[in-house]
Amino acid sequence: MRGYPRTVAWLAVSMASHSRAALPKWAPTYNMSRSTIFMPCNDSGFTSPEISAKWGVVDFDWSNGKRDWTLASPMDCEERLVQQAALVKSVNPTAKVWIYRNLVKALPWYSSVREKLLDPQYSGFFLKFNQNSSAPPPHVPKCTNSKVGNPPKCSEFYHDQEQTPQNGQNSAPPPPFNPGPDHWTRYNPGNGVAGMHPAENLSIWLAPGTPADYPSFVECENAATVAMKNNTKIRMYTWWLDAPSSNTGTCWFHNHVEMRGGRGYSPEANHVMGYRGPAADAPAPIPTSYNVCSGDCDCGEGLPCGEYLWDYRNGSMLADFLVNEFVLNPTTGLKNENVDGFFFDDSWTNKPSPIPSWAPKTYRQCDMWKTGGATEEDYYCVVDMGLTQQDTDLIVQNHNAVMQRVLDAVVDNGGFAWPLLTSRTASLDLKDPRPRCAADLRNWCTNGPSSFLNKTLMFEFTRKTFHDAFPLPYIEQDLAQFMLVRGAYGYIGHSWMGCIQPSGYVQGNSTKGYERPPALDVDYGEPVDPICSETAAGSGVFTREWTKASVKMDCNSYEGTIIMKPSE
């Protein structure tokens, strides 16, 4: 899954790059519950449509459902994003659902991208490894090796392995040890074998004898066969070696697999589990990680999985494909009735980018190279492709032109996109909003170019810290400021934070779930005052009347108040 770089990467594709001060074509609203925005991700399956449908705009990342699409053959991330969108629409047809696209990286887990990667007539769509015979070996491998005995997969198209699903061990249990109608099905260590631990409704029996009696899983399996004759509850065994190179092992018998956080059994290395019972109840093999496939990853016949790159030195043929097929197509794109827009990720630079404020000093990516490069790609990608400053200049120029064309096409066809949002972001560790409160509101409470009134605003709730947002520290203050400055197309909520884990925790966060304050479901009416104002010159107190509420932000005490008016 992706980490936090995305929160910054999309800023490189900002409104500054595009001439249109875009507003959506859909009807404006001041309904607060519909004036919300949120970028969830559940990499263990579909994100709850009931939770997602509470938000006005909901945007799904490519990591969403990663456990499932990495196991598909071939991978089908593109199709599953549309399925997720349809699930949300089935709960709330008025929700605006956006999905992920990347116009820098050509990701082969998208079917439409994979089709072009495998077709020689489209080879000009993709950047290649340095083709000079005297070039040094690249810093990233051209081939991925199988862990199940298949030939390696290689490609001359440049690709790195960042955030890429990796090959795993056997995709199916080995042949049964005891053939017959009641044989044992074994789950080997590389296939996500479960180490069983006591849990509610899980019965555990320690095998008889001593650890020296179980030097391998075979002895454990034989003991389980005997034990099942007297204990009909036993369906499974779990065995592991007590220490590397030892001749002693631990053997347990149990009645079923432990459920953990809705994910099922928890994989542990160097364990072997066996099951004997009705086939319908047999546990399914699972990979050891959502980023590890069962067996060889399938990104297309003979094609190694990796993050490939679009070659913007190509002529109009690539641009036509990206606009008309990749973005607008009626099956998985904007012309599908369940898709309303996109998050377009990553960008190209032609000069070195600084280390982001949230990153460690050792952080290096391709766009930090002296010629610039692609964001969130291996640091040496420009070197490994043999690109020059002239190349990155041309790629940046053409990429920006295609992005403009794509964004125009999205808006013209009734959709919208994250790069067209004018964003206010804040976190107490990196961008504390308190010291600049009065200056910001004086800047925003105008009819000038800094006003949000005629822009599509994404007002992000202040995070406790950038990497650990919840609980939100300033809900009332954020909502008050949002109501002071917003126009008819304003949205308040969360940008990228990471995927929710099987435990219910959002990646990196110390509390469960994505926080949605109840105040977002209150009817505040519509603005009466066309714009917010400071109560007196230099007072630091700002107000705006709404039909059903009076809104005030006191920047001196950093207190926001929303007082509901009596019902008429």
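Observations
- Its Cα gyration tensor gives the chain an equivalent ellipsoid, and the semi-axes of that ellipsoid, as √(5λ) in whole Å with the largest first, are 47, 32, 21.
- Between helix 475-485 and the chain: long-axis angle, C-alpha atoms, 0 to 90°, nearest 10: 40 degrees
- Convex hull (Cα only) mean projected area of the range 335-398, reported in nm² to one decimal: 6.2 nm²
- Near the amide H of Trp546, within less than 5 Å, lie the amide hydrogens of Val528, Val551, all on another chain or at least 5 residues away, with H placed in the peptide plane.
- As a rough guide to protection, the peptides 309-315, 428-434 ranked by mean Cβ packing within 10 Å, highest first, stand as 309-315, 428-434.
- Sorting the segments 355-363, 382-390 by their mean number of nearby beta carbons within 10 angstrom, highest to lowest, gives 382-390, 355-363.
- Virtual spin-label span in nm between Arg313 and Gln161, 7 Å along Cα→Cβ: 2.7 nm
- Tail fraction, Cα-Cα pairs, the range 368-486, threshold 26 Å, whole percent: 47 percent
- Under the simplified labelling scheme, the Thr210-Ser510 pair shows an inter-label distance of 4.7 nm, with each label point 7 Å from Cα along Cα→Cβ.
- Entries of Lys54/Lys335; Lys25/Lys66; Lys431/Lys565; Lys66/Lys455 with Cα pairs more than 28 Å apart: Lys25/Lys66; Lys431/Lys565; Lys66/Lys455
- Percent antiparallel among DSSP beta bridges (both partners in the chain, rounded to 5): 65 percent
- Our estimate of slack between Ser550 and Cys154, defined as 0.36 nm per intervening residue step minus the Cα-Cα distance, is 136.2 nm.
- Site pair Ala86 and Thr388 shows an inter-label distance of 5.0 nm when each label is modelled 7 Å from Cα along Cα→Cβ.
- Under a model in which nothing but the beta-carbon of Lys, Arg (+1) and Asp, Glu (-1) is charged, the chain shows a dipole of about 520 debye around its Cα centre.
- Each Lys and Arg Cβ is given +1 and each Asp and Glu Cβ -1; about its Cα centre, the range 422-568 then shows a dipole of about 300 debye.
- Projecting the Cα atoms of Gly300, Tyr558, Ala536 onto the charge dipole of the chain, computed from C-beta unit charges around the Cα centre, puts Ala536 farthest toward the positive end.
- Quotient of Cα Rg and 2.2 N^0.38 Å for the range 456-568, N being how many residues it contains: 1.19
- Extreme residue, positive dipole direction of the chain, given options Val82, Ser111, Trp184 (C-beta unit charges): Val82
- Projection of the Cα convex hull of the range 289-390, averaged over all directions and equal to a quarter of that hull's surface, yields 10.0 nm².
- Across the options Leu428, Gly414, Ala374, the greatest Cα extent toward the positive end of the charge dipole of the range 365-491 (unit charges at beta carbon of Lys, Arg, Asp, Glu) belongs to Leu428.
- Taking all pairs of distinct alpha-carbon atoms in the range 467-528, Kirkwood radius in angstrom: 13.4 Å
- Each peptide in 211-224, 106-119 receives the mean, over its residues, of other Cβ atoms within 10 Å, and ordering these scores from highest gives 106-119, 211-224.
Here, each number is a calculation from the coordinates, and none is a lab measurement. Just so it is clear, the model here is predicted, and its values are computed rather than measured. Reconstructed Cβ throughout: ideal geometry from the backbone, glycine too, with neighbour counts over all protein chains shown.
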